[in-house]
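K.L.:
The structure's right below; bear with me while I get my questions together.
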Amino acid sequence: MELLIGDKLWSSWSLRPWLALKHTGAPFTETLIRLRTEHTGADARAAGSPTGQIPVLKDGELTVWDSLAICEYLAETFPAAHLWPADPAARAQGRAAAAEMHSSFHSLRGECPMDLSLRSEVAVSEATHDDLRRLVELWSGLLTRFGGPFLVGEWSIADAFFTPVATRLRSYGLHLSDYADLGPCGVYAERLLETPEFLEWEKAALADVRG
């Protein structure tokens, strides 16, 4: 398998399927497409992206684009990895949460892009405040219903989709306690950033900056 990814410092959409693929334990190669250059789209197409965007998974003759589609393909290809829980209710709600992240939270994503090297304190717009309130509502509900330690019990694709959000909270000094979190959501965000897979990604991202 080959995964086309963008710069690890910035590419939140690449991080998501990379984490899922790491959790399968399957060997794969990474092909880096540099972002924020005038050649990014052309480089991605030359590497095999049908849309000129990344991430893209190549598995033999098969090409899968879009982060959520890649993750679902991995869940079906590697059932023993348990990328989704066996319980139908937990699986359905985990999928709903991942899909919501995939299609929503536009203000938070636009105003606070992922940058693993950044540590700041920012004032955000009311639209982003709304996103953060919804984030606390979503996380609190799932953590309460399924008992943690991750959103729907054990680590799943849903957690892969929210790991970049946890990095944003840290990078921009956003405190979920300001949005009605009584503690569990903040702890969950920290837990996402302590997984071995994320730490491996972050180490490589920061080394690339220094190198």
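K.L.:
Do any helices (runs of 4 or more DSSP H) lying entirely in region 157-211 carry at least 3 residues that are over 18 Å from D131 (Cα atoms) and in contact with a Lys or Arg (Cβ under 7 Å, 6 or more places away or on another chain), and which ones are they?
P.N.:
Counting at least 3 such residues, we get 196-210.
K.L.:
So which helices (runs of 4 or more DSSP H) are wholly in region 1-87 and hold at least 2 residues that are in contact with a Cys (Cβ under 9 Å, 6 or more places away or on another chain) and buried (at least 17 other Cβ atoms within 10 Å of the Cβ)?
P.N.:
Those helices (runs of 4 or more DSSP H) span 12-24.
K.L.:
Return the total of residues in region 190-205 being in contact with a Phe, Trp or Tyr (Cβ under 9 Å, 6 or more places away or on another chain) and open to solvent by 10 Å² or more (accessible area, probe 1.4 Å).
P.N.:
Number satisfying all stated conditions: 3.
K.L.:
Can you tell me which residue within region 105-129, out of those that are part of a helix (DSSP H, G or I) and surrounded by 15 or more Cβ atoms within 10 Å (Cβ to Cβ), is farthest from the chain's Cα centre (by Cα)?
P.N.:
Restricting to residues being part of a helix (DSSP H, G or I) and surrounded by 15 or more Cβ atoms within 10 Å (Cβ to Cβ), the top hit is H129.
K.L.:
Within region 90-132, which residues are touching a residue at least 40 places away in the same chain (Cβ under 8 Å) and over 15 Å from R168 (Cβ atoms)?
P.N.:
Those that are touching a residue at least 40 places away in the same chain (Cβ under 8 Å) and over 15 Å from R168 (Cβ atoms): A90, R91, Q93, G94, R95, A97, A98, H102.
K.L.:
Here are the criteria: (1) over 17 Å from the mean Cα position of the chain (by Cα); (2) surrounded by 19 or more Cβ atoms within 10 Å (Cβ to Cβ). Tell me which single one A160 does not satisfy.
P.N.:
Failed condition: (1).
The values are calculated or read from the model by the stated rules, or taken from the named source; none is laboratory data. If you're wondering where the values come from, they're calculated on a predicted model, not measured in any experiment. In this analysis, Cβ positions are derived from the backbone assuming ideal geometry, glycine residues included, and neighbour counts consider all displayed protein chains. These area figures cover heavy atoms from the full protein model, side chains too; ligands, DNA and RNA do not enter into them. Shrake-Rupley method; radii C 1.70, N 1.55, O 1.52, S 1.80 Å.
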